[in-house]
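Each reported figure results from applying straightforward, stated rules to the coordinates on display, with no laboratory input. All figures in this text were calculated on a predicted structure; none of them were measured in a lab. Cβ atoms come from the backbone with ideal geometry, glycine included; neighbour counts cover every protein chain shown.
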2 protein chains.
Amino acid sequence: MVSRFSYSSVYLRTRPETTQKSINHLTRKPKHPLDPLTLQEVDRVRTILSSYPPFVSAFPPIQSMVLDEPDKNRVSSWKTGDLFLPRKATVVALVSGKSHVVTVDLDLGRVTTHFISTTSGYPAVTVDDLSKALEVALSYPNLKKSAVERGIEVSDLACITLSVGWFGPHEEGKRLTKIVCYSSQNTSNYYMRPIEGLVMTIDLDKGEVVQFVDKGQSIPIASETNTDYRYNKDGQTKKNYPKMKPLNSISMEQPDGPSFSIEGGHMVRWANWQFHLKPDPRAGMVISRAMVQDSESGEFRNVMYKGFASELFVPYMDTDEAWYFRGYMDAGEFGLGATAKSLVALNDCPKYSYYMDGVFVGSDGMPYIEPNIICIFERYAGDISWRHTDFLVPGSEIKESRRKVTLVARMTASVGNYDYIFDWEFQTDGLIRVKVETSGMLMVKGTPYDNVKKIPNEEEMSGPLVSENLIGVVHDHFVTFHLDMDVDGPNNSFAKVSLVKQETDPYDSSPRKSYLKVKRHIAKTENEAKINLKLTEPSELHVVNPSKLSRLGNPTGYKLVPGRTAASLLDKYDPPQLRGAFTNNQVWVTPYNKSEQWAGGFLAYQSKGDDTLAVWSDRNREIEKKDIVLWYTLGFHHIPCQEDFPIMPTVSASFDLKPVNFFELNPILRVPPTFDDDLPNCKPSVSKHLWCV
Amino acid sequence: MVSRFSYSSVYLRTRPETTQKSINHLTRKPKHPLDPLTLQEVDRVRTILSSYPPFVSAFPPIQSMVLDEPDKNRVSSWKTGDLFLPRKATVVALVSGKSHVVTVDLDLGRVTTHFISTTSGYPAVTVDDLSKALEVALSYPNLKKSAVERGIEVSDLACITLSVGWFGPHEEGKRLTKIVCYSSQNTSNYYMRPIEGLVMTIDLDKGEVVQFVDKGQSIPIASETNTDYRYNKDGQTKKNYPKMKPLNSISMEQPDGPSFSIEGGHMVRWANWQFHLKPDPRAGMVISRAMVQDSESGEFRNVMYKGFASELFVPYMDTDEAWYFRGYMDAGEFGLGATAKSLVALNDCPKYSYYMDGVFVGSDGMPYIEPNIICIFERYAGDISWRHTDFLVPGSEIKESRRKVTLVARMTASVGNYDYIFDWEFQTDGLIRVKVETSGMLMVKGTPYDNVKKIPNEEEMSGPLVSENLIGVVHDHFVTFHLDMDVDGPNNSFAKVSLVKQETDPYDSSPRKSYLKVKRHIAKTENEAKINLKLTEPSELHVVNPSKLSRLGNPTGYKLVPGRTAASLLDKYDPPQLRGAFTNNQVWVTPYNKSEQWAGGFLAYQSKGDDTLAVWSDRNREIEKKDIVLWYTLGFHHIPCQEDFPIMPTVSASFDLKPVNFFELNPILRVPPTFDDDLPNCKPSVSKHLWCV
């Protein structure tokens, strides 16, 4: 029997093929202290662990194996040509339900530390965990019976393995997964054909069914009509759909190739930027050591030591038995890198993209390569960097304008139904834009209704009807970013620069009644830096270096500029929100602590929320003139609609990190304009379309 | 003496040159009922007015002359080939300080209506108004004396003419302008060299100085160092600045040309969109009759009857004598189209752009052409329309992704120091993104301080120090858009679709404590549709057609999706805020009324705020199942910083109009992916020239 699954199968991949690229991987050595573990290094870690006494008798499942990054101060001072820093790996292995955290020193060739985690929760599930769970499920007689009763071939059952969260004793002392199933009959888009009311709970370690629930067939399985989204498949060509006017060929062309260089596989240099970029099984994509060149002195200056998506919390708004637990922490439970796939050339990324592979580790400790999971490209989107038109005297015009060309690093994670697109975009004016886009499939719920008019009380539904017998359950997405800003070095403070309404003195003669005044407050402690954004209490959020003053005496700084976002509104004591408590504020600032990387806790799967950003930050530590980390949560509320069926057009949101008194003046003041000769001279082969003037 | 000025000189332009393009203008006839007045039509209106009895003895200054658009219902039902609709012009002429509003029927060849406006305020100032004011100012002995005292050659005086707002009796019964001056010695960027404390008030109609204030020389004029932003000028090449790594050639290439067509000069057709686009002296750019093709039926469906920037309110936060009045209404006082200049090819807009000219009217009633003030281009920025990766069985991968190609219409307005970039971007998934970007020069204030450390109390300054002796005064920008949505026709309602936290019943067994529920409220009256955005009270804002239901029974709709924005925080009774009261809410909905186009009032210059959106909407009219207009204000708070000196890198904000249950399903589901062969095959030949086939 061939079973179908999604979350789990993302891990099932072939070992490196013998292409030139994979051969390169076989011989690759790390070039930068932050480079991820190479194939050779993973092999060596496995070898060391195999002979490590506690693991000799039974090699435990490896839940994660990543570089243990050297201490920040050592990395910061390291330069190419320096003695290479010691290479270590952090391994999380599961032994009898305990998470063993083991550090392997690759230079010493041995385990140097080993402890059992004392916080609640488990490491992210692996492909082996999930395939095992699916095997158990699909061989469970009651599931087969439920399928047969509904007229579904067992081979058409598509089941997915969901995280269970933590709600109390039920989730205590055992690793669990919830399995829900779909019919993949006549469609590749099984997500649109849920078998509603059927849910089973499986013990991942014992490999047994803990609970099986089938509420019966009162809710039909939605039709496959219009569900398939693949190009040129039956569903697409069957009918003669109206065609929109086709678009002519358009492409960002770069005859001399792109302007960036990538050294040693991970150091990106472009225009006035340089940074280290790597895939990470949990965070997806990690930007480190981001530095920008000063426009006056020419030196490269520190901006951010490390930036990445620390957690992605997705609570659903349905309390039914098969739904209440759906509140995922996609980074900590499944892994944004582990669920990232090879990008689709030309469609996911433009023509002149550079693609970076991911080297990840299976639960057997063997390395595998997921090719092309990050793309890096230069973008010219027709935008303007700065401009002005001025007329001093008639006939003497000033018309100055500069194009905006940027650099984008992109990864997409397909965490089951949802696809997340992560972009880090670098501008020559010093701005970094971090963008998150969502696409993929809704998590839909079966309903007996095929028309809104038949629904007795639409407000009682957990989401809108998006197709016949399908409701798109309302949910949120919160992406919490870890932004370890080092503005001109680690000695930073966090300033809240507020605009406050002032009334003018009524005895004063001012014709104005009011104005806004800037009030600047340096946060002394973590509590002072917990911020919920309000339009009526606007403030700029600056990370400044109090020891580095500009020519004018302003501290150099970068500001966080939120874009469109959403706040979590769940009850703070709701179990999903306890675990997602890092979304209680949009902004937090913590003192740097190497162990505080994962906003939802190091072990997020089934965690109780005892190791979140909210808990760490409750200590209310001092953050003034310290090495600080800025945390920002970008949020989406999602009320689905018909357009989200059967696959969702991308929705995007972003935030900016923007220089504020970091440069002495506009750093791209002296950039030349673009002239005809600067651009490729492209000639049409056939003049199909003549357009007017 | 050659005097220099900015606001005023934008109007000083040559008459049409005899290029092919201008010859086309000379013979152009309107093709669509919404087409702007042609050169011939303007000439004819002037001729008719010249013999109009009240104007025969003295031809009054024409403050504005634009098409009087035919009634909406007639335009909506008009199709190419139908009998053309009557052409009329609305003319505003100033006679003895009164605003005469005259309608000229071009078919009847006569004036059909004529009334004197009874609201407060005056029409936008003209070039003649401002040149006259500058002449008066520059020949005023005290101004010369002030300049000489400061060692400034009178020929280096650059003075600008500012609007005065309305604060009381001082602004009553006469049209005024405030003049402030700068030194343009050794720089084209005179804005960075203010003569602080010097301000004069001039009566525009009498041509005399009403008030002259010079507070003396306690505040020095800032140096010209680093102020020039022109390419290859002295200031730029004098010093050997560090260079950033130069970028290779990059261009959006379209060997077959762009995919849009422009019929009759104004009807744009692209992919599944069609709309009418025109320049307007006040609004800048107007989109009308936006229709999108249904992906299932193929029919073109109404989305928006008319969309444009109705007002742009910019209050400054300084109560000094030379500053308190600075709170501009750039559309109504100066005109976003009237201050728009020819776009800079390749830098303001990409290579394959189509450029549209503006035909405007001088105060003598003569037409003139401002060439290339709107550009239209197709954009591929490397973005993704939708995607999903799925793995059903090992080895059988689904990787589907679609590129996002969009259409952009752009105009830039240089309203004195500031440049505004307006983009309307159309996506094939039905989304319209409206983006506003700011660039140009700060309005800076002179200060005795050249370093923050010397400032006794930084909080008492009206803005941060951005260069030696210059502070960037804090200010806001509010752009209020008039969005006359006609979703599947004019019978629309406004629905506030809120997410409201629900606590689960504690006696219930639910493991969840809370969830969010969707509550839908149809606004019956204007008051119910006045919305201030709050993250803690999230809602979607839908314009729906209650008479047009989808297959599933959902009303078809479009939603307003705010992006990054800001709210006005001034006292509601502060005079600038009374005039800018349309920013008291971010969202308003009014019943359609042809006369309610300009949020700050038809006559905005020196208006008291008696004709704003806030006043109209106070009637609290019914808006359910009506032809309604949605108003949205996009805002920026601007606390300047060093990077804004001497010219500001663009800052952008946007909002979206997005289909919600408008289409039966994802309208771009069946769009094919992009393959190698779909893209130009460009090869660099000699040097950097690229040949694409």
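Before moving on, here are some points about what is shown:
- Taking label positions 7 Å along the Cα-Cβ direction at both residue A:203 and residue B:595, the computed distance is 7.9 nm, reported to one decimal.
- Count Lys and Arg as plus one, Asp and Glu as minus one, and take only other residues whose Cβ is under 9 Å from that of residue B:197; the net charge is then -3.
- Ordered by the number of other Cβ atoms lying within 10 Å of each residue's own Cβ, fewest first, A:115, A:481 fall into the sequence A:115, A:481.
- Efficiency of FRET between residue A:536 and residue A:615 - r from beta-carbon atoms, R0 35 angstrom, step 0.05: 0.70
- Ascending distances from the residue B:208 label point to its copies in the other chains, with the point 7 Å along the Cα-to-beta-carbon line: 10.4 nm.
- Label-point gap, in nm, between residue A:321 and residue A:505 - each point 7 angstrom along Cα→Cβ: 7.3
- Summed residue charge, Cβ within 9 Å of residue A:547's Cβ, Lys/Arg positive, Asp/Glu negative: +1
- The range A:307-367 versus the range B:322-392: alpha-carbon centroid distance in Å: 39
- Separation between Cα centres of the range A:562-638 and the range B:503-575, rounded to whole Å: 27
- Shape class for chain A: rounded, because the ratio a/c of the largest to smallest gyration tensor axis (alpha-carbon atoms, square roots of eigenvalues) is under 1.5.
- Dipole axis of chain B (+1 Lys, Arg; -1 Asp, Glu on Cβ), positive-most option in B:258, B:337, B:240: B:258
- The fewest-to-most ranking of B:605, B:368, A:420, B:354 by surrounding Cβ atoms within 10 Å reads B:368, B:354, A:420, B:605.
- Taking the alpha carbon gyration tensor of the range A:39-116, multiplying each eigenvalue by 5 and rooting it gives semi-axes of 26, 13, 10 Å, largest first.
- The residue A:112 and residue A:520 beta-carbon pair, evaluated with R₀ = 45 Å, returns a calculated FRET efficiency of approximately 0.50.
- Cα gyration tensor shape for the range B:127-214, rounded if a/c is under 1.5, else prolate or oblate: prolate
- Nearest-first distances (nm) between copies at residue B:169, label 7 Å from Cα via Cβ: 8.3
- Principal axis extents of the Cα atoms in the range B:248-399, from largest to smallest and rounded to whole angstrom, are 75, 43, 41.
- Average beta-carbon neighbours from other chains, 10 Å sphere, peptide A:186-198: 1
- Amide H partners (placed H, <5 Å) of residue B:419, local residues excluded: B:439, B:440, B:441
- Cα→Cβ-extended label distance, 7 Å offset, between residue A:79 and residue B:491, nm: 7.6
- Axis angle, to the nearest 10 degrees, between helix B:39-50 and the longest C-alpha principal axis of chain B: 50 degrees.
- Working from Cα pairs under 8 Å separated by at least six residues, relative contact order for the range A:542-693 is 32 percent.
- Local electrostatic count at residue B:654 - Lys and Arg +1, Asp and Glu -1, tallied over other residues with Cβ under 10 Å: 0
- Sequence-separation-based contact order of the range A:127-214, relative, with Cα cut under 8 Å and 6+ spacing, percent: 30
- Histogram of C-alpha separations across the protein assembly as shown, 20 Å bin width, %: 10, 38, 37, 13, 2, 0
- The mean count of C-beta atoms from other chains within 10 Å of the C-beta of residues in A:410-419, rounded to a whole number, is 3.
- Per residue of B:315-324, other chain Cβ atoms within 10 Å of the residue Cβ number 4 on average.
- By the count of other C-beta atoms within 10 Å, a proxy for reagent exposure, B:488, A:71, B:678 are ordered fewest to most as A:71, B:678, B:488.
- Extended-chain gain in nm, criterion 0.36 nm per residue less alpha-carbon gap, residue A:458 and residue A:148: 108.4 nm
- Estimated purely from DSSP H runs of n ≥ 4, each contributing -39500 (n - 2.57), the mean residue ellipticity at 222 nm for chain A is -2500 deg cm²/dmol once divided by its residues.
- Across the identical copies, the label point of residue A:142 (7 Å from Cα in the Cβ direction) is separated from its matches by 9.3 nm, in order from shortest.
- Percent RCO, i.e. relative contact order, over chain A, from Cα pairs under 8 Å lying at least 6 residues apart: 14
- Counting only alpha carbon atoms, the long axis of helix A:127-138 and the longest principal axis of chain A meet at about 30°.
- Three-way shape call for the range A:406-528 based on the alpha-carbon gyration tensor, with the a/c threshold at 1.5: oblate
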